[in-house]
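The values are calculated or read from the model by the stated rules, or taken from the named source; none is laboratory data. Note that the structure is a prediction, hence the values are computed from the model and not measured. Reconstructed Cβ throughout: ideal geometry from the backbone, glycine too, with neighbour counts over all protein chains shown. Protein only, heavy atoms only, side chains kept; ligands, DNA and RNA dropped before computing areas. Shrake-Rupley method; radii C 1.70, N 1.55, O 1.52, S 1.80 Å.
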Amino acid sequence: MDLAVILSILDATIRLSTPLLLACLAGMYSERAGLFDIGLEGKMLAAAFAAGAVAAISGSAWLGLMAGMVVSLGTSLLQGVAAISLKGNQLIAGVAINMLAAGMTTFLGQTWFHQGGRTPPLGEGGRFETITLPFANELAGVPILGPIYADLISGHYILVYIAFIMVAVTWFVLFRTRFGLRLRAVGENPKAVDTAGISVVKLRYQAVIITGLLCGLAGAYFSIAQGSGFGNNMTAGKGYIALAALIFAKWKPVPAMFTCLLFGFLDALQIRLQSAELFGIEVPVQAIQALPYVLTVVLLAGFIGKAVGPKAGGVPYTKER
Amino acid sequence: MSARRPLPRWADVALLPAINLALAFLVSGLVVLLVGENPFHAIQVIIYGAFGYGDGFGYTLYYTTNFVFTGLAVAVAAHAGLFNIGGDGQAYVAGLGAVVVALALDQTHWLIAMPAAVIAAAAVGGFWAFIPGWLQAKRGSHVVITTIMFNFIAAALMVYMVNRVLKPASTMAPESATIDVAGRVPQLRQFFSFFGYSPVNLSIVIAVLALIGVYILIWHTKFGYAMRVLGANPTASRYAGISNSRMIMITMTISGALAGMVAINEVMGVQNRLVLDFVAGAGFVGIAVALMGRNHPIGIALAALLFGALYQGGQELQFVIPGITREMIVVIQALVILFTGAMEGLFRPSLERAFMLLTPEQKAEAIAVSTAKSES
């Protein structure tokens, strides 16, 4: 393999990791606050549809992005009301959200646009353009480092850069701010937080809001950056891979980035290869597809390290009366 | 709120689910209204499509068969406090067992092939649920996450198995060889011409037997009692000398085996071959069915019939009213899960309060409590 091939696979890795990373960071806020979130997929799908639909009608990618974030926020709050205020089962709420998004997006898409659930293809301005970083073209001639900068680092959608910036932001928020400390405390021991006079409910809603906004970015990426318009079930289980990545990264931002890159790399690899040879044994492409899930199961089982989630995860908080 | 008393049994079992279901339908109706169609007309079409004529009713029962199996799978796990979200994957891999046995015994008789295939499908489906159960019991990994992951692993595995192993060299489509003779489960239309061309088959008998079997298992055996103790209070069950990890593993296996019965209905009863994605989300419908049916076989039978009717009626809907696609059914399904499952707390407190004021002595008690509160 020469440099160009490697670069193109790595380039695809970054493109495919971005929605995973955004969704994974989104899930991190909820789960750190003690809310299991298996509804990432549904929120992304809803956002992808809203972004695609609004961008198609308005012709503006930015308006599409806003719409995606608003819809994802609304979906997230619905899940939040069920899980926080009504003290419902968080897992069931997540399942309901996923199903609701899958049904609503196809249903509304078909009813509004009559293209089999797709939104109309986006024209000029409706879709995000890739950004060429300064000096990328000038430096492209420099051996090795030039192509890496020009092809790999430069030339992505703005959401890609936002995703990677959000890793640092999330790390800072979670581990270097008062809000982050409280958020993590709420996920470990909500009673202690309550005793200290801080509202558990308010903190959890704040987490849900951040989750919704980030899922909105992730969803919009599918329909108005990577793709041109929304297609049926566009997120195709990526929300679950993001959830797997979140567990694999043990709910930490920087490992989350590397996990998402790894899972994105596997995805890029299986798109490129139909099958691979490994030590003379043929590895079917389905094995590569299943690898993120298998790795997560193995990790969860504690065979390689141990993933222990926030202690209060999944338990609705009831203030003592 | 210390005076809060539980609802009367009939209200808990029937009234509350009915209110939540009504709310789900109300919101669905609003969605239909939103796209400019008449919800009452839609209901009419669904009811006629599902029950109005033989073919339609046959299809309704065919869908119902699947949903009984997946609903029972979720319910059995739920009684032991486990949330088996992997019914889809378990039913999918169970197709392997069903198709292999059906093809191998294709030259015998269905009375031989069908029971053998039931055992094989149950074994494979059960195994696919046993692993997450084992991981939960012995390694402490959360069964929900593991079963989600196993759904995806199943999907990859089945694409491989169908394309690389089961597909005969002569066919292009990704499907197994066709079951021709004895491996087919007899269709009900062979006995009753009423059902027209609908694919409802003898699997529905297995579904009825499964409903009865689960009822006996949960409420009339020692094992079922142990299961419910585990579900109610794992600490208590451990002190009572029940092996929690053993219970979790066996319960998950039973749950997976029940989900696996979908493969009998689909592979041997309808498709007569193994096709990709034959489960088509039935495992997730099972969650809605179990929630609505309160994990009780009678409730599950009724809820499965409701969803069977919705699925069949939904098919009709898109022909009669082009403005509404069958995805509307997925929306209704999601709303049912949302309102009866996740948002159950929406009406329960107010209903409890309403019942407290219903009988004179309870009213007196309630007043006494509130006076005591205001005095303190």
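Can you work out which of the residues in segment A:115-127 that are within 14 Å of chain B (Cβ to nearest Cβ) and surrounded by 12 or more Cβ atoms within 10 Å (Cβ to Cβ) is farthest from A:Ala218 (Cα to Cα)?
Going through segment A:115-127, the residues within 14 Å of chain B (Cβ to nearest Cβ) turn out to be A:115-118.
Applying the additional criterion that residues be surrounded by 12 or more Cβ atoms within 10 Å (Cβ to Cβ) yields A:115, A:117-118.
Values: A:Gln115: 24, A:Gly117: 20, A:Arg118: 18 Å.
It comes out as A:Gln115.
For segment B:133-177, filtered to residues that are among the small types (Gly, Ala, Ser) and open to solvent by 50 Å² or more (accessible area, probe 1.4 Å), the residue that is farthest from A:Gly302 (Cα to Cα) is B:Ser170. Checking each residue in segment B:296-345 for being within 14 Å of another protein chain (Cβ to nearest Cβ), part of a loop (DSSP other than H, G, I, E, B) and open to solvent by 40 Å² or more (accessible area, probe 1.4 Å) picks out B:Pro322, B:Arg326.
List every residue pair whose Cβ atoms sit under 9 Å apart, with the two residues 6 or more apart in sequence or on different chains, where the first one lies in segment B:96-111 and is assigned to a helix (DSSP H, G or I) and the second, anywhere, is acidic (Asp, Glu). Every condition considered, the pairs that remain are B:Ala98/B:Glu266. If only residues of segment A:287-321 that are open to solvent by less than 40 Å² (accessible area, probe 1.4 Å), part of a loop (DSSP other than H, G, I, E, B) and under 12 Å from B:Ser141 (Cα atoms) are counted, the one that is modelled with the lowest pLDDT is A:Ala307. Restricting A:Thr111, A:Thr106, A:Thr130 to those that are more than 8 Å from chain B (Cβ to nearest Cβ) and polar (S, T, N, Q) reduces the list to A:Thr130.
For segment B:74-94, which positions are within 20 Å of B:Ala232 (Cβ to Cβ) and within 10 Å of the chain's Cα centre (by Cα)? Once the filter is applied, which keeps residues that are within 20 Å of B:Ala232 (Cβ to Cβ) and within 10 Å of the chain's Cα centre (by Cα), segment B:74-94 yields B:Val74, B:Ala75. In the set (1) touching a helix residue (DSSP H, G or I) at 6+ places or on another chain (Cβ under 6 Å); (2) open to solvent by 50 Å² or more (accessible area, probe 1.4 Å); (3) away from chain B (no Cβ under 12 Å), A:Val173 fails one condition alone, (2). Checking each residue in segment B:29-55 for being buried (at least 23 other Cβ atoms within 10 Å of the Cβ) and not hydrophobic (A, V, I, L, M, F, W, C) picks out only B:Gly49.
Quick check on this structure: which one of B:Lys138, B:Lys167 is under 20 Å from B:Val270 (Cα atoms) and within 14 Å of another protein chain (Cβ to nearest Cβ)?
On the way: B:Lys138 fails: under 20 Å from B:Val270 (Cα atoms).
None of the others qualify; the one that does is B:Lys167.
Every test in (1) touching a residue at least 40 places away in the same chain (Cβ under 8 Å); (2) open to solvent by 50 Å² or more (accessible area, probe 1.4 Å); (3) within 13 Å of chain A (Cβ to nearest Cβ); (4) not polar (S, T, N, Q) is passed by B:Phe25 save one, and that test is (3). Quick check on A:Leu86: is it within 30 Å of A:Val200 (Cβ to Cβ) and surrounded by fewer than 24 Cβ atoms within 10 Å (Cβ to Cβ)? Here the answer is yes, as A:Leu86 does meet what is asked. Counting only residues that are within 21 Å of A:Ser228 (Cβ to Cβ), of a type in the set (Phe, Trp, Tyr) and assigned to a loop (DSSP other than H, G, I, E, B), segment A:104-157 holds 1 of them. Checking every residue in segment B:88-111 against the condition of being under 18 Å from B:Val200 (Cβ atoms) and surrounded by fewer than 24 Cβ atoms within 10 Å (Cβ to Cβ) gives at least one match.
Summed over segment A:128-146, residues that are open to solvent by less than 100 Å² (accessible area, probe 1.4 Å) and under 30 Å from A:Ala48 (Cβ atoms) total 6. Reported count of residues in segment B:208-230, each being touching a helix residue (DSSP H, G or I) at 6+ places or on another chain (Cβ under 7 Å), open to solvent by 80 Å² or more (accessible area, probe 1.4 Å) and either farther than 24 Å from B:Val262 by Cβ or not in a helix (DSSP H, G or I) (or both), is 0.
Filtering segment A:275-282 for residues that are in a helix (DSSP H, G or I), at pLDDT below 85, away from chain B (no Cβ under 11 Å) and touching a strand residue (DSSP E or B) at 6+ places or on another chain (Cβ under 9 Å) leaves an empty set. Of all residue pairs spaced 6 or more apart or on separate chains, those with beta-carbon atoms under 7 Å, a first member in segment A:58-83 that is without any contact (Cβ under 8 Å) to a residue 24 or more places away in the chain and a second member that is outside any helix (DSSP H, G or I) are A:Ala82/A:Gly88; A:Ala82/B:Met343. Kindly check whether there is at least one residue in segment A:224-238 that is polar (S, T, N, Q) and more than 14 Å from chain B (Cβ to nearest Cβ). Yes, segment A:224-238 contains at least one residue that is polar (S, T, N, Q) and more than 14 Å from chain B (Cβ to nearest Cβ).
Return yes when B:Leu302 is closer than 30 Å to B:Leu96 by Cα and modelled with pLDDT of 90 or more and no when it is not. Lay out the reasoning, then the answer.
Details: closer than 30 Å to B:Leu96 by Cα: yes; modelled with pLDDT of 90 or more: yes.
Taking the combined requirement at face value, the residue satisfies it.
Please find, among A:Ala96, A:Ala82, A:Ala67, A:Ala101, the residue that is part of a helix (DSSP H, G or I), within 9 Å of another protein chain (Cβ to nearest Cβ), farther than 28 Å from B:Gln318 by Cα and modelled with pLDDT of 85 or more.
A:Ala82
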